[in-house]
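The values are calculated or read from the model by the stated rules, or taken from the named source; none is laboratory data. Predicted, not measured: the structure shown is a model, and the values here were computed from it. Methodologically, a virtual Cβ is constructed for each residue, glycine included, from the backbone with ideal geometry; neighbour enumeration extends over all protein chains shown. For the accessible areas, the whole protein counts, side chains as well, though only heavy atoms, and no ligand, DNA or RNA atoms are used. Shrake-Rupley method; radii C 1.70, N 1.55, O 1.52, S 1.80 Å.
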Amino acid sequence: MAPRANWKGFLRLSLVTCPVALYPATSDTEKVSFNQINRKTGHRIKYAKVDAETGEEVANEDIMKGYKIDTDTYIEVSKDELDDIALESTRTIEIDEFVPKSDIDGRYLIRPYYLVPDGKVGHDAFAVIRETIRSMDKVAIGRVVLTNREHIIALEPLDKGLMGTLLRYPYEVRSEKDYFEDIQDVKITKDMLDLAKHIVEQKSASFEPEQFEDRYEQALIDLINQKRNGLTTKTKAAPKTTGNVINLMDALKRSLASEKEAAPARAQEKAQEKSKGKKPRKAAAGQREMLLPISGNGKRAAKEAPKEAPKKAEKPVRTAARTKKAG
């Protein structure tokens with residue numbers, strides 16, 4: 001089932017308008033998530049909204065927003081007052097200008113969305129706007145209101161639709177000068193730079209995101225599968241540190257030698273994949289498919305083990321990706 005649209009309204013370029021829907025392009029719902037439970041009873045923890053001074057629970061209708069100006073001093077703002085200052089353009093993405101994509105600093109990018117025509121009408125106008133942006137080889141900058149706030153959105157063609165990326169305002173981006181001013185100016189010799197370039201050449205590849213595996217997510221899946229099947233878990237030994245690098249030139253030479261030794265194996269692995277026509281499998285649809293529920297009423301589930309003999313833990317679904325080693 002396709003996700004629900006986060007926003008529906010109109011996309012407008014001057015007098016050309018079409019109804020559109022905005023969908024999230026990314027999702028965190030596939031990740032393993034936990035609930036907090038009472039160790040003694042196995043029951044889920046429930047949070048209540050209470051008065052910080054009296055300790056009494058407060059009903060939702062008695063809760064309002066407050067801006068802190070001093071200790072225990074707040075300026076109260078009601079929902080009606082916030083609604084009064086809401087912007088009028090809440091249902092229209094107005095394209096204001098077109099800019100080169102290279103002009104957008106990566107620090108301003110927040111999150112991507114998919115923009116598609118909403119319904120059966122307006123596809124012609126949508127296509128005109130999309131192809132205009134594509135032919136100009138630029139990014140359209142517009143404004144959209146989400147959760148009562150106006151956001152800058154950058155629109156660019158993606159296949160038959162548009163990808164809209166929310167952008168930060170300048171006050172949300174910190175200056176690099178506050179962090180980089182203490183970095184020492186050092187002189188790099190040509191030999192060091194040449195060695196480093198050779199290492200980069202040995203490790204150069206095309207970006208294939210499906211080849212990367214979230215190793216912590218995989219470890220969580222393995223842990224839950226082991227506990228589900230009554231298997232004991234082992235504590236992993238702490239990794240050994242290699243110590244500080246004393247001689248930079250020596251470290252570069254050893255790194256290059258190590259990469260040259262590993263290169264034939266990587267090339268052979270890629271060649272085998274191509275010869276077999278092997279395509280990476282899609283990630284699992286979600287943890288519901290890879291983590292089966294434990295039978296019973298759910299109480300004390302974390303500690304109860306099945307009565308039958310322990311079974312071998314089932315392999316999680318998401319094991320297809322090949323993990324790339326860190327540089």
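Residues E57, E150, ordered by accessible area of protein heavy atoms at a 1.4 angstrom probe radius and largest first, appear as E57, E150.
Only protein heavy atoms count here; under a 1.4 Å probe, F212 has an accessible surface of about 100 Å². Rolled with a 1.4 Å probe across the full set of protein chains, the surface gives D214 an accessible area near 80 Å².
Largest accessible area first, the listed residues K190, K68 line up as K190, K68 when surface is computed with a 1.4 Å probe on the assembled protein chains. Distances longer than 22 Å among the Cα atoms of region 1-93: what percent of all pairs is that? Result for the distance tail: 65 percent.
For the set Y23, Y114, the ranking by accessible area, highest first and with no ligand, DNA or RNA atoms included, is Y114, Y23 under a 1.4 Å probe. In this view, the solvent-accessible surface of M192, computed with a 1.4 Å probe and all protein chains in place, comes to about 40 Å². Quick one: of K31/K160; K8/K138; K46/K79; K40/K227; K101/K177; K8/K65, which pairs are farther than 20 Å apart, Cα to Cα? Cα-Cα > 20 Å for K31/K160; K8/K138; K46/K79; K101/K177; K8/K65; rest within.
Look at the dipole of region 100-241 built from charges on Cβ: of A125, T147, T232, the Cα furthest out on the positive end belongs to T232. Working from label points 7 Å from Cα in the Cα-to-Cβ sense, the V173 to N229 distance is 5.0 nm.
Computed from label points 7 Å out along Cα-Cβ, the spacing between A59 and Y23 is 4.1 nm. Evaluated with a Cβ-only charge set (Lys, Arg +1; Asp, Glu -1), region 58-132 carries a dipole of roughly 560 debye about its Cα centre, given to the nearest 20. With an a/c value of 1.5 or above and a/b not larger than b/c for the gyration tensor axes a ≥ b ≥ c computed over the alpha-carbon atoms, region 171-220 is described as oblate. Label sites at Q218 and K236, each approximated as a point 7 angstrom past Cα along Cα to Cβ, lie 1.1 nm apart.
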